[in-house]
1. Give, rounded to the nearest 20 debye, the magnitude of the charge dipole that the stretch 11-104 has about its Cα centre when Lys and Arg contribute +1 at Cβ and Asp and Glu contribute -1 at Cβ.
2. Work out the FRET efficiency for Gln58 and Arg32 from their Cβ-Cβ distance, taking R0 = 25 Å, and round it to the nearest 0.05.
3. What residue among Ile170, Trp183, Leu214 has its Cα farthest toward the positive end of the dipole of the stretch 168-224, where the charges are +1 on Lys, Arg and -1 on Asp, Glu, each on the Cβ?
4. Quote the charge dipole size of the stretch 149-270 about the Cα centre in Debye, to the nearest 20; the model charges only the Cβ of Lys and Arg (+1) and of Asp and Glu (-1).
5. The stretch 132-148 to the stretch 230-250: how many Å between their Cα centroids?
6. Under 5 Å between amide H atoms, partner at least 5 residues away or on a different chain: which partners does Asn165 have, H built in plane at 1.01 Å?
7. Of Trp141, Ala192, Asn270, which is farthest along the charge dipole of the stretch 123-270 in the positive direction, counting Lys and Arg as +1 and Asp and Glu as -1 at C-beta?
8. Size of the dipole of the chain about the Cα centre, Lys and Arg at +1 and Asp and Glu at -1 on the beta carbon, nothing else charged, in debye to 20?
Amino acid sequence: MGTTGPNPGSAESASQTRRQALGRFLRNARERIQPVDLGLAPGVRRRTPGLRREEVAQLCDISTTWYTWIEQGRDVTVSPTVCARLATVLKLARAERHYLFELADCADPEHWQGDIQPLPQGLSACVDSISAPAYILDRSWNVLARNDALLELFDGWPDRSEQPNLLRYIFLDSAARDLVVDWEQRASRVVAEFRADVGAHADEADVQALIQELGQQSQVFAFWWGRQTVVEREGGLRDFRHPKKGGRRFQQFTFRLAIRPDCKLVMLLNDQASPSDGVA
């Protein structure tokens, strides 16, 4: 029997399903909008509720035929610019806009700028309730919350820093070199993970300032940042050399916050297979 490779038909089917879902979503959103909401005359003979297809097309500066094909689920490419115009004309909420770009399979050029939701009250209490070392990072890897277990593992960090940032700790705090096993290898991967994590926000002032600061103060960061390597932030084993308790090994898990996709919760769960007398 021969081996079976990827099924092109299944990929095409998934793409068609997504295009059809996009068409249904746009049609529903179009029918919700009243012409007067966009300064259009209501007219006297409208066969369908909401806006007409030609009105949406005109407001988005695309042809009526092209927009009709999108609603019909035809095999056409919808650019990020057109998606952004559709989101504005159809007055999509934040979650709806995100859904639109997901269905169109393209990146949002605004990537949540200007519409960041505040972190929920009691965030620190949530992190404190986790028994394992845990912390929350924003898109620049600033530490927004941590629990006592993390404070113990990192021997007093991040509380000893006025503006705790994981990258500053790794590259500018000498204690990190002693704590993190195989520091050079981890440092190179951290830079690649950060590049992947911050790519959509690389033009923002706070991100640019952080990259410039690290590049000026850390030759290691500058070298790896210049390599243009990109890898996804993933879990796996993390080894530490604690100054008082010796070698410790954890499994790292990272989760995005639903209310703030630019923030992530990181947990370090004790690895049951780790040696008790040190890191191998």
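1. Roughly 300 debye for the stretch 11-104.
2. The calculated FRET efficiency here is 0.85.
3. Final value for the positive-end residue is Trp183.
4. The calculated dipole for the stretch 149-270 is roughly 500 debye.
5. Here the answer is 16 Å between Cα centres.
6. Val143
7. Asn270
8. So the dipole magnitude of the chain works out to roughly 1000 debye.
FYI, it's all coordinate maths here, none of it is from the lab. Source: prediction; values computed, not measured. Glycine gets a Cβ as well: all are built from the backbone with ideal geometry, and neighbour counts include every protein chain shown.
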